[in-house]
Amino acid sequence: MNKKVLNILEFNKIRKALSEYTFSPNAAELCLKLEPYHNKDEVKMLQKETGEAVRLVKSGIYPPLEGIRDIQNSLRLANLGAVLSPKELLDIASTLRTSRLTKSLWKSKHIDGSPVIENIICKLQSFQSLEEKIFKSILNEDEIADEASEKLRSIRKNKKNVVYQIRQKLDSIVTSPKYQKMLQEPIVTVRKDRFVIPVKQESRSGIKGVIHDQSASGATIYIEPMPVVHLNNTLSQLEIEEKREIERILSELTSRIRENHDFIMTTFEGLVKLDFIFARARYALDINGVEPKFNDSGYINIIEGRHPLLRGDVVPIDVFLGDEFTVLVITGPNTGGKTVSLKTVGLLTLMAQSGLFVPAREGTEFSVFEEIFADIGDEQSIEQSLSTFSSHMKNIREITEKATPNSLILLDELGAGTDPTEGAALAMALLNYFYEKGSRVIATTHYSELKTFAHTKEGIQNASVEFDVRTLSPTYRLTIGIPGKSNAFEIAEKLGISEDIINTAKTLVSEDNLKIEELLEHIEQEKNIAEEEKQELQALKQSYYNKLQKLEAQKRDIEKQQERILESARQKARLLISKTKRESELMIERLKEIEFNDTKSIRDRTIEATRAQLKDMDRELMGEREPILKPAKQKKDEPLKPGEKVRIEGLNQEGYIIDIDCQQKSSLVQVGIMKLNVPLESLCKIRDEKEQKQQIQSNKYTNIALKKTEDISTELDVRGLTLDEALLRVDKYLDDAYMAGISVITIIHGKGTGVLRKGIQDMLRNEENIKSFRLGRIDEGGSGVTVVEFK
């Protein structure tokens, strides 16, 4: 792409803005060197990369790329055998950590639908041990950690001991009264990496030692006393050993970098590419950009396109070109937005072919052009350097020589800078030349002749930028199909020019031109009216759409509410049917048990109780359940006691009182093998001659219950059953355990999805004989069991 065109269209500003979204200088450099591509497949691949990154950023997924550093030169030096500095090693470690964290993030999110980015991330390598070794060994670019090696730790420990000994000896000298008058100051300092003390010049002979320096005035001599010379030598030797060990550590780390040079370089390049791609995505979101479509027919359709470098309330434009016409001529007053429209089309085309989203609306479409030419000058500029006729002709000559059917040509103020008649003729000839070439052309002009030319020439179309005469300001809206009106007379009148002068001017204009101007004015008025009506219709349409959406939402809410009610009813029905099945099964089991024991009297009573329960369930299903137990005719002066024989009014059953709950005014009564909770008012004491005989018979029943106790386990395992099967088993087991007198039982349902646990616990809440239930402790089986305590 011609650099001159990129400069004219200010594409360099787009590059610079894009580079500010990168983390690594290498990705920023890619942004600054960004070039439009001319191959459709390459352009679509770039757009696919940007699209995937935009979707990821919108979903809150952004690779942690802050740690990328420029390590290209460091890798090159390591590969050549040089030893890297601590800073270079830290930069490499930071980049390796970025790679590891990026791969870890991608793996943890289980991301689908981003094959291009996934392919880049899959090629990243992880060097966690090398990364951790570098960070452990190097604290910062100026300091190596003691933990870098055992030898380094030992050397530094010895250094501290030697320094401590040196300071002790020197401190004893500077604090000694014997040397007080000889010292310039009672301090210990360092000269040429040796610990010394400041001595007065006249007292230099009083302290034996090595002179290392003196002050600028010569009044102070810095002497290393003889008692510390050996220690200072030892310290110097330790420092030399420390430097050697540090060099060895750095060399070892560099060697590991060198061994993995190719993998690290591939990883670095992948991270830079990711940085570049996600910079494009963040830039796209900031400018509210959309992914453009592409075609092979030279067709451009920009919908509500905005100039990407303009901020604030930007008026969008709609531009289409290359379908019914290939040349577009834009007319209108100065400062009306013609040049901005021209640059917007050119800049958005460059952005699209560079893999960037464009600030426009969905559906915007471009063709991939081999070359984009531009001759845009600013006639309002004081310099006028790029707006002269010769400058224009120089650029246009180059364009005519290189233009092809797959070229986009942008021409500003075509034919300006010379005699209007000749300039208009030349402009028409150029437009005709480019049209016959098959190039796509957008040109701006002030010449009226070009309006007529565009109107009469097939394949060339007029367009105009609007101007509000009332406010003397442009609206910046672009209208295709209608040529622009100059508005010179209206503007002059608004600015106070005499009406006589304006009328005289009108007489000097040909009648045809006046008619054309009047026709354009009428067309513009009609267009404005149509535009206002269109806006009103759009507002009305939006209002009806909003109401329709609201009604649809209300309809969905009602349907959901109905479904909830139906589901609740179905659930209640299922529970009721399930309960009926369980109770029926239980009754059948009891009847079989009674038949097995061949106890006719017990069987009769149980059958009677079964009939009563069936009637009760029938009433419950019909919603007309009535109390079965009726108050007994009991004398108030005859209190009931445990062990007494009673009759249960309403059930026509006899039994013995086991226990009495005065607070609840109820009694636990043994009726055959069953224990029932009965209100005291429904019990009537029995007194007859056969009481002893009945007592013996009841003992027989008690023995049966005791025998059943021996057969009932304190645990029930329902794992592997469906919920309905488990509820049947649990219901029967609860009755058996309760009749057997077991106080605490354990139901094993397993952990799994929790369906069994929840269903069983819901059932337990509705059982009258249950005192409490809880999940098991760790030693009992945890949440895989429920421990139940009977009343």
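For this structure, a couple of remarks:
- Test: residue in segment 158-170 that is in contact (Cβ under 8 Å) with a residue 60 or more places away in the chain, open to solvent by 80 Å² or more (accessible area, probe 1.4 Å) and in contact with a Pro (Cβ under 7 Å, 6 or more places away or on another chain): yes
- Of note, ASN7 does not satisfy the criterion of being in a helix (DSSP H, G or I), at pLDDT 90 or above and either touching an Asp or Glu at 6+ places or on another chain (Cβ under 6 Å) or among the polar types (S, T, N, Q) (or both).
- Counted residues, segment 330-369 - those being in contact with a helix residue (DSSP H, G or I) (Cβ under 7 Å, 6 or more places away or on another chain), at pLDDT below 90 and in a loop (DSSP other than H, G, I, E, B): 1
- Hey, THR234 crowded, with 18+ Cβ neighbours inside 10 Å and either β-branched (Val, Ile, Thr) or modelled with pLDDT of 95 or more (or both) or not: no
- The one condition in (1) of a type in the set (A, V, I, L, M); (2) open to solvent by 50 Å² or more (accessible area, probe 1.4 Å); (3) over 59 Å from the mean Cα position of the chain (by Cα) that VAL190 fails to fulfil: (3)
- Filter result for the condition that a residue is of a type outside the set (Val, Ile, Thr), crowded, with 22+ Cβ neighbours inside 10 Å and either under 28 Å from the mean Cα position of the chain (by Cα) or under 18 Å from SER354 (Cβ atoms) (or both), over LEU101, LEU18: LEU18
- Considering only residues in segment 222-231 that are in a helix (DSSP H, G or I) and open to solvent by less than 60 Å² (accessible area, probe 1.4 Å), the one that is nearest to LYS160 (Cα to Cα) turns out to be LEU231.
- Check on ALA429, open to solvent by less than 40 Å² (accessible area, probe 1.4 Å), among the aliphatic types (A, V, I, L, M) and farther than 14 Å from ALA463 by Cβ: no
Table: residues versus (1) open to solvent by 10 Å² or more (accessible area, probe 1.4 Å); (2) not β-branched (Val, Ile, Thr).
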| residue | (1), (2) |
| --- | --- |
| VAL744 | yes, no |
| ILE748 | yes, no |
| LEU756 | yes, yes |
| MET763 | yes, yes |
| ILE770 | yes, no |
| ASP779 | yes, yes |
| GLY782 | yes, yes |
| VAL788 | no, no |
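- Residue match in segment 76-89 (condition: touching a residue at least 40 places away in the same chain (Cβ under 8 Å), more than 22 Å from GLU252 (Cβ to Cβ) and open to solvent by less than 70 Å² (accessible area, probe 1.4 Å)): no
- Residues (in contact (Cβ under 8 Å) with a residue 60 or more places away in the chain and in a loop (DSSP other than H, G, I, E, B)) located in segment 38-70: HIS38, ASN39, TYR62, PRO63, ILE68
- Among residues of segment 407-426 being open to solvent by 40 Å² or more (accessible area, probe 1.4 Å) and in a helix (DSSP H, G or I), the one that is nearest to PHE369 (Cα to Cα) is LEU426.
- Selection within segment 440-469 - over 14 Å from VAL327 (Cβ atoms) and assigned to a strand (DSSP E or B): SER464, VAL465, GLU466, PHE467, ASP468
- Residue match in segment 117-134 (condition: within 29 Å of SER236 (Cα to Cα) and in contact with a strand residue (DSSP E or B) (Cβ under 9 Å, 6 or more places away or on another chain)): no
- Of the candidates THR404, THR388, the single residue that is modelled with pLDDT under 95, of a type in the set (Val, Ile, Thr), within 21 Å of ASP296 (Cβ to Cβ) and surrounded by fewer than 22 Cβ atoms within 10 Å (Cβ to Cβ) is THR404.
- For PRO25, the conditions (1) farther than 25 Å from LEU105 by Cβ; (2) open to solvent by 10 Å² or more (accessible area, probe 1.4 Å) all hold with the exception of (1).
- ILE303 of a type outside the set (Gly, Ala, Ser) and either closer than 20 Å to PRO483 by Cβ or free of Cβ contacts under 8 Å to residues at least 60 places away in the same chain (or both): no
- Residues in segment 276-309 that are in a strand (DSSP E or B) and of a type in the set (Val, Ile, Thr): VAL290, ILE300, ILE302, ILE303.
- Taken together, the criteria exclude VAL83 from residues that are hydrophobic (A, V, I, L, M, F, W, C) and in contact with a strand residue (DSSP E or B) (Cβ under 8 Å, 6 or more places away or on another chain).
- All positions within segment 328-341 that are among the aliphatic types (A, V, I, L, M) and crowded, with 24+ Cβ neighbours inside 10 Å: LEU328, VAL329, ILE330
- When VAL199, VAL210, VAL188, VAL228 are screened for being in contact (Cβ under 8 Å) with a residue 40 or more places away in the chain and over 30 Å from GLU88 (Cβ atoms), only VAL228 passes.
- Residues in segment 266-292 that are over 24 Å from the mean Cα position of the chain (by Cα) and surrounded by 16 or more Cβ atoms within 10 Å (Cβ to Cβ) were compared, and the one that is farthest from LEU478 (Cα to Cα) is THR267.
- Hey, SER108 open to solvent by 40 Å² or more (accessible area, probe 1.4 Å) and at pLDDT 90 or above or not: no
The values are calculated or read from the model by the stated rules, or taken from the named source; none is laboratory data. From a predicted model like this one, the values you see are computed outputs, not experimental measurements. Cβ coordinates were reconstructed from backbone atoms using ideal geometry, including for glycine residues, and neighbour counts include every protein chain displayed. Only protein heavy atoms, including side chains, enter the accessible area calculation; ligands, DNA and RNA are left aside. Shrake-Rupley method; radii C 1.70, N 1.55, O 1.52, S 1.80 Å.
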